[in-house]
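Please treat every number below as a calculation from the coordinates, not as lab data. None of the values given here were measured: they were computed from a predicted structure. Quick reminder, even Gly has a Cβ in these numbers, built from the backbone with ideal geometry, and neighbours come from all protein chains shown.
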Amino acid sequence: MQPGNTTLKSVLVPINSEGWKFIAIFAAVTVILFLIAQPLGWIGVILTLWCAYFFRDPDRVTPVDENLVIAPADGRICMISQAPLPKELELQDQSPRTRISIFMNVFNVHVNRSPINGEIVGEAYVPGKFVNAELDKASEHNERQILLVRDSAGREFGVVQIAGLVARRILCDVGRGSILKAGERFGLIRFGSRVDVYLPAGVEPKVCVGQLTIAGETVLADVSESAAAPATGEIR
């Protein structure tokens, strides 16, 4: 690929198909605002550009390793805690396991990706509130889409899309029986939200609170290193 083509591709990031109707609405409103008053029209232009930016859907380079757990979302790790898998899955095992919570603000890419290779063996949709997704109670009170993914070794992972203060729509394109590859797109949340990943018992995260993640690329954990100590971090 020529250098010029590489630069152009990095600027012209693909737009998720879900975003085109919103971009069209923003653009139409912008035209109306220009007819009313030019300053309002320029505000509309800025908002239309932001809408296109929000729905960008870039390709990612995912590490190919059955033992790696990959970040399902762009954002910031706002919490690492101990919690059982969501009760809505109706599982007998309710023992606590490590839960990694990634908060997405309105400037992050909002396309969600599978953290592992595996089959979806359980799912549940839970209507709820729209409190700040950074709060711990969002895991129980907010609208959310829950997936239980089992890998080839029989290990089970919880993946939960959680609506936030601004988000009003969770989109999930897969369901029970779907086969996913790590880094594969499976859904999207509009506009500002959170994704939780529940690790198998005994697996410690390789990331820490405050760290930024890139969906499909950042390694959250390595299940082959179950005896490893939790990761720590410091600001430098």
Practice problem: Report, in deg cm²/dmol and to the nearest 500, the calculated mean residue ellipticity at 222 nm for the chain, where each DSSP H run with n ≥ 4 adds -39500 (n - 2.57) and the sum is divided by the residue count. | Solution: -6000 deg cm²/dmol
Quiz item: For helix 38-54, what angle does its Cα long axis make with the longest principal axis of the chain, in degrees from 0 to 90 and rounded to 10?
Solution: 30
Quiz prompt | Charge dipole magnitude, Cβ of K and R +1, D and E -1 - the chain, Cα centre, debye nearest 20 | solution = 720
Practice problem: Give the Kirkwood hydrodynamic radius (Å, one decimal) of the stretch 23-90, defined as one over the mean of 1/r across all pairs of different Cα atoms. | Solution: 16.4
Exercise. Pairs of lysines 8 or more apart, or on different chains, with alpha carbons under 24 Å: count those in the chain, would you?
Key: 5
Quiz item: So what is the relative contact order for the stretch 14-124, in percent, with contacts set as C-alpha pairs under 8 Å and at least six apart?
Solution: 26
